[in-house]
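Undergrad: Right, I'll just put the structure down here and ask away after.
The values are calculated or read from the model by the stated rules, or taken from the named source; none is laboratory data. Because the structure is a prediction, the values reported are computed rather than measured. Methodologically, a virtual Cβ is constructed for each residue, glycine included, from the backbone with ideal geometry; neighbour enumeration extends over all protein chains shown. Please note that ligands, DNA and RNA were not included when accessible areas were found on the heavy atoms of the full protein model with its side chains. Shrake-Rupley method; radii C 1.70, N 1.55, O 1.52, S 1.80 Å.
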Amino acid sequence: MKRQLSSAGARILHEGCGGPPTDRERRRFMESDALQLPDAWLELFNELNGLRFIWQVEDPARELRLGGYFMFQDFRRFMENDTTDMLWCDGYEEDDIAEMKSHRILERFEGHDAYVTVKFKEDGRYDLFYVDGDRINHGGSKRLPRIPLTLKQYFEVVTGYWGVYSVRRHLHEQDFYVNPEKYVTELGLLKAHFPGFKPPTLNPFETPNPGA
């Protein structure tokens, strides 16, 4: 993806990724925290710990402006799970605060108060959610749209669309997987500007694969 972006004149505005968690960090969290991360999540932090990648391509002659991003949480922040003033603040209703404390941020939206979160279950399974920061309070935490993807599928879809801005907002909608061009306005531009671009074809509603 990065090679194709660069060859088409895109600018990489930010690129960074931490190293894998140290043995000390693993012991600190995995031995003291009640959460025992499934293998797929450990692999994520080993390979893409705190990935930050933002790209943009502009072509004034063609009135083209297109961009995408990846903003994944790093291991330490994920395990510490301090979501104050992100998923909740002290002014929220108690039930909403309690609910949002059970969520951990997987990825935040660049430039917006929105997130993709994960909520682990006692048996190690999990659910992903789309969280609009403006709709959490007053019972909104109980109506969060569930994203019917595993962690691996989430990466497949988000990276498959090169992280363009609108994709994450629609991953919980069944019609998105049937007619993505209706929801991803950038899709036509991606196909036109990057001849080798092919969007993913995954449809979790046809072959459901819950949690893990």
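Undergrad: Compute the Kirkwood hydrodynamic radius of the stretch 117-157, taking the inverse of the mean of 1/r over all pairs of distinct Cα atoms, and give it in Å to one decimal.
TA: 11.2 Å
Undergrad: Pairs of alpha-carbon atoms within less than 8 angstrom and 6+ residues apart define the contacts here; what relative contact order does the chain have, in percent?
TA: Here the relative contact order equals 16 percent.
Undergrad: In a shell of Cβ-Cβ distance under 9 Å around residue 75, excluding residue 75 itself, what net charge do Lys and Arg (+1) and Asp and Glu (-1) give?
TA: That works out to +1.
Undergrad: While we're here: So, with +1 on the Cβ of K and R and -1 on the Cβ of D and E, and no other charges, what is the size of the charge dipole of the stretch 1-150 about its Cα centre, to the nearest 20 debye?
TA: Numbers: 22 positive and 29 negative charges, 117 e Å.
Once rounded to the nearest 20, the dipole reads 560 debye.
Undergrad: Using the heavy atoms of the protein chains alone and a 1.4 angstrom probe, what is the accessible area of the chain per residue in square angstrom? Mind dumping the intermediate values first?
TA: Values: 11300 Å² over 212 residues.
I get 53 Å² per residue for the chain.
Undergrad: Using bins 10 angstrom wide from zero, how does P(r) for the stretch 91-166 break down, in % of all Cα pairs?
TA: 17, 50, 27, 5
Undergrad: Relative to the longest principal Cα axis of the chain, at what angle does helix 151-160 sit, 0 to 90 degrees, rounded to 10?
TA: On a 0 to 90 degree scale, this one is about 20.
Undergrad: Place a +1 charge on the Cβ of each Lys and Arg in the stretch 105-188 and a -1 charge on the Cβ of each Asp and Glu, then give the dipole magnitude about the Cα centre in debye, rounded to the nearest 20. Write out the running numbers ahead of the final one.
TA: Values: 12 positive and 13 negative charges, 59 e Å.
Using only the charged Cβ atoms, the result is roughly 280 debye.
Undergrad: List, in order, the whole-Hz ³J(HN,Hα) value for each residue of the stretch 167-176 obtained from phi through the Karplus relation with A = 6.51, B = -1.76, C = 1.60 and θ = phi - 60°; use x for Gly and Pro.
TA: These are the phi-based 3J(HN,Hα) values: 4, 4, 5, 10, 5, 8, 9, 4, 5, 4 Hz.
Undergrad: Continuing with the same structure: Output the Kirkwood hydrodynamic radius of the stretch 12-61, Cα pairs only, in Å rounded to one decimal.
TA: Taking every pair of different Cα atoms in the stretch 12-61, averaging 1/r and inverting gives 13.1 Å.
Undergrad: In addition: Can you show me the helix-derived [θ] at 222 nm for the chain, built from DSSP H runs with n ≥ 4 at -39,500 (n - 2.57) apiece and divided by the number of residues, rounded to the nearest 500.
TA: -7500 deg cm²/dmol
Undergrad: Please pull out the direction-averaged projected area of the stretch 129-212, using the convex hull of its alpha-carbon atoms, in nm² to one decimal place.
TA: Averaged projected area of the stretch 129-212's Cα convex hull equals 6.0 nm².
Undergrad: Quick one: pull the percent of accessible area on the stretch 17-119 belonging to carbon and sulfur, 1.4 Å probe, ligands and nucleic acids left out.
TA: Ligands and nucleic acids excluded, carbon and sulfur reach 42 percent.
Undergrad: With N set to the number of residues, divide the alpha-carbon radius of gyration of the chain by 2.2 N^0.38 Å and report two decimals.
TA: Here the Cα radius of gyration is 1.06 times the empirical estimate.
Undergrad: For residue 101, go through the aspartates and glutamates and keep the ones whose alpha-carbon is under 18 Å away, minus same-chain ones fewer than eight residues off.
TA: Cα-Cα hits under 18 Å: 33, 74, 80, 82, 85, 90, 93, 113, 122, 127, 132, 134.
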